[in-house]
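Read-outs throughout are calculated quantities, based only on the coordinates presented, and are distinct from any laboratory measurement. The model shown is predicted, which means the values in this text are computed figures rather than measured ones. Every residue, glycine among them, receives a Cβ derived from its backbone with ideal geometry; neighbour counts consider all protein chains shown.
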Amino acid sequence: MSFITGVGLTAFGKHEGSSTLDLMSVAAEQAIADAGLKRDEIDGLVCGYATTMPHIMLATVFAEHFGIRPSYCHAVQVGGATGMAMTMLAHCIVEGGVARNVLVVGGENRLTGQSRDASVQALAQVGHPVYEVPLGPTIPAYYGLVASRYMHEYGVTEEDLAEFAVLMRRHAAEHPGAQFHERITVADVMASKPVASPLKLLDCCPVSDGGAAFVISREPTGAVGVKVRGCAQAHTHQHISAAPALSEFGAEIAIARAKANSGLAIADVRYAAVYDSFTITLAMLLEDLGLAARGEAAARVRAGYFDRNGVMPLNTHGGLMSYGHCGVGGAMAHMVETQLQMTGRAGNRQVKDASIALLHGDGGVLSSHVSMFLERVR
Amino acid sequence: MTAATEPANPDWTEGGAVIVFQRCNACGAKQYFRRAFCHACGSTELSVLSAEGTGTVYAVSHVTRAPTPEARAHGPYTIVLVDADEGFRLMAHGAHDLAIGDRVSVTFNRFIDGLVPYFERTTS
C-alpha cells in the first residue's frame, strides 16, 4: 500500500528571480512539513524535468541542492503525464519496499526563465523532427488537428469547447494561488485571439512559473489517509501523424486497466482531476474516461455537473487552463488539490464528498496516459 | 529480395519534390517515418516507394501563432493530416479552405529553408 501523506504547491504565474531549483525547493519543503516528516526521513526522490534547466541528472542536482541523500533517486520524463507517472512510480517503489517516504517534486520558471518563443519552440519538439517540425507546427496545432477531427466525428462545437475554459476560470477564481481570477464567458473565449484553429487563446493553458510536490509513504502520517487504490498507463504513439484512430486513444486503455486493478468503477468516483492543457484535451479525456458520454461533456458542464457542488467536482483549483501550467508541476497541482479535497482541507473550495477520486494525466499529443484512483481511509 | 533502403531521389525532407513511404514485403504494412525495419512485424525486407500525392484530408488546423520568427514570416499557414491513397498518414501544409473529407492532391512549396508538401482540393 502507499499513501499521499503530504502536499506542497506554490502560486502559479510570475515568480521573477526564482529558478527552477528554487520553485522545486519551496514546494518540497511544504510537502515534507505537510506530511509531518523531517528531511532525513525522505529516502526516495523522484523529480521531473525543466525546459529552462535541461540536465541529465536533475534529481541528483535537486537532492544536493535541497540537502537530502536519498537511497533511490532519478528523474522521469513523460511530458504532461510526468506528474502522474512519478506518482505511480513512487507508489511502486513504496509497495516494493525500496523506500519508505518518496518525495515527488516538479517545478520550473517556464514563464520568466525564457522567452515565449523559446517555450513554444521547446514544446513543439514533441513532434517528429524530420516529418513534422519542419512544417512549423506548435503544441496548439497538434491539438488543433485532434480537435478538428474530434469535432467532426462527434458533433462537438467551438462553443462546446469554450465551456471548459469558462468552468476552469470559475474554479480558479476561488483559489488565491491561481494565475487567472477574472471571470470569462463563452463569448470571451470565442472572441479571443486565434492560435491554431479551432483553438483560440482562451482554449489554451498559459505558460507559468511554479512548483508542486508531494510525499508518497508506506503508512499514513495523519488522521486521514489518502491511499493509492490502483493505477495504470497506456502509450499508443508519440507523434500525431502516427496516432491510432480517436476511438483507440490511450486514455480508454489506461482507465480500463486502472479499473481492473483497483476494482473500482466510474460510478464509485466522487471527485475528478483530469489533465486540461487545452479545452479539447479536457473534453476528450472526460469522454474517454467515461465521465461523460461521447460528445456530451459540454452539456454536463452547462448543467453544473462538474461544478464544486455538482455531481462530479472537477479540477476545483482551476486546472492547467486557469491555475496555470509550469510544466511538470502543472499537472501535479491536480494531485495537490485532490489530496486537499480528500483530507477536507480545501477551505472555501471544499466539496461535500471526495472519498474516491480519479486522476488522469496525458503527455505528448494524447500519446502517454496515466490513470489513478485514490481512496480516503481513516 | 531486399529493396533499396533509400529511394532513388531524395524525398521532401531532403529537398526533393516527392513523398516517399515504405511497404513491408513480409506483412504488407505501410509506414511513413522511414526506418530500417517494419514497425509492425520487424522484417527488414522493405520497399521504398514514391506516393502519387493524392489522398483525403483527415484533420485540419490553421496556424496563426507560429513557433519561430522564420515561420511567422510566411504568414498564417494551414497544417493538415492527409490519409494518402497508398494507405499511410502524413502531416503537410494545405490550402486555407480545406475541410475534413476533401479529396486532395499535392504540390510542393518553399517554407523556411526547405520544401514542404502542400495539398489542394482535387479539381474533377
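Taking the charge dipole of chain A about its Cα centre, with +1 at Lys and Arg Cβ atoms and -1 at Asp and Glu Cβ atoms, the residue from A:GLY155, A:GLY329, A:LEU340 reaching farthest to the positive side is A:LEU340. In chain A, if every C-alpha pair distance is counted and binned at 10 Å from zero, what percent goes to each bin? In order of increasing distance, the bins hold 6, 27, 37, 24, 6, 0 percent. Neighbouring Cβ atoms from other chains, within 10 Å of the Cβ of residues in B:78-86, number 3 on average. Computed extension gain for A:ASP117 through A:ASP268, at 0.36 nm per residue and net of the alpha carbon distance, reaches 50.0 nm. In this structure, B:GLU70 and A:ALA223 have a Cβ-Cβ separation that, at R0 = 60 Å, corresponds to a calculated FRET efficiency of about 0.55.
Tell me, what is the FRET efficiency for A:ALA256 and A:GLU64 to the nearest 0.05, using R0 = 45 angstrom and their Cβ-Cβ distance as r?
On the way: r = 41 Å, r/R0 = 0.91.
It comes out at approximately 0.65.
Remark: the A:ALA33-A:ARG294 segment gains 89.7 nm on full extension, using 0.36 nm per residue and subtracting the alpha carbon distance.
Once C-alpha pairs closer than 8 Å and six or more residues apart are averaged by separation and normalised to the residue number of segment B:54-121, the relative contact order reads 34 percent. For A:TYR49, the residues whose amide H sits under 5 Å from its own are A:VAL328, ignoring neighbours fewer than 5 places away on the same chain, with H placed 1.01 Å from N. Distances between placed amide hydrogens fall under 5 Å for B:ASP11 paired with B:GLY16, all partners being 5 or more residues away or on another chain. Full extension of the segment from A:LYS352 to A:HIS152, taken as 0.36 nm per residue of separation minus the current Cα-Cα distance, would add 68.3 nm.
Label-to-label distance for A:VAL377 and A:ALA187 is 5.2 nm, based on points extended 7 Å past Cα in the beta-carbon direction. Once backbone amide H atoms are built at 1.01 Å from N, A:GLY324 has A:GLN179 as its partners under 5 Å, excluding neighbours fewer than 5 places away on the same chain.
Before anything else, pin down the relative contact order of chain A: Cα pairs under 8 Å, at least 6 apart, normalised by residue count, whole percent. Spell out each step's value before the answer.
Numbers: 911 pairs, mean separation 99.2, N = 378.
Reported relative contact order: 26 percent.
Taking a quarter of the surface of the Cα convex hull of segment A:258-378 gives a mean projected area of 7.5 nm². Simple spin-label estimate for B:VAL48 and A:GLU95 gives 4.6 nm between the two label positions (7 Å along the Cα-to-Cβ direction from each Cα). If you look at the Cα atoms of chain B, you get an Rg and a Dmax of 15.5, 48 Å. Counting beta carbons within 10 Å around each of B:ARG121, A:ARG378 and listing the fewest first gives the order A:ARG378, B:ARG121.
Between A:SER241, A:SER355, A:SER368, the residue with the greatest mean-square fluctuation in the GNM of chain A (Cα pairs under 10 Å linked by springs) is A:SER241. By the Cβ rule of 4.7 Å, chain B holds no cysteine without a possible disulfide partner. Structure remark: mean-square fluctuation, Gaussian network model of chain A, C-alpha springs under 10 Å; the largest value among A:THR20, A:THR316, A:THR157 belongs to A:THR157.
Rounded to the nearest 0.05, the FRET efficiency derived from the C-beta distance between B:THR107 and B:ALA36 at R0 = 25 Å is 0.25. Across peptide A:183-193, the average count of Cβ atoms from other chains found within 10 Å of a residue's Cβ is 0. Each helix, a run of at least 4 DSSP H residues, gives -39500 (n - 2.57); summed and divided by the residues of chain A, these come to -10500 deg cm²/dmol at 222 nm. If you run the Gaussian network model on chain A, springs between alpha carbon atoms under 10 Å, then out of A:CYS231, A:CYS73, A:CYS205 the most flexible one is A:CYS73.
About its Cα centre, segment A:105-224 has a charge dipole of approximately 200 debye under the convention of +1 per Lys or Arg Cβ and -1 per Asp or Glu Cβ, with nothing else charged.
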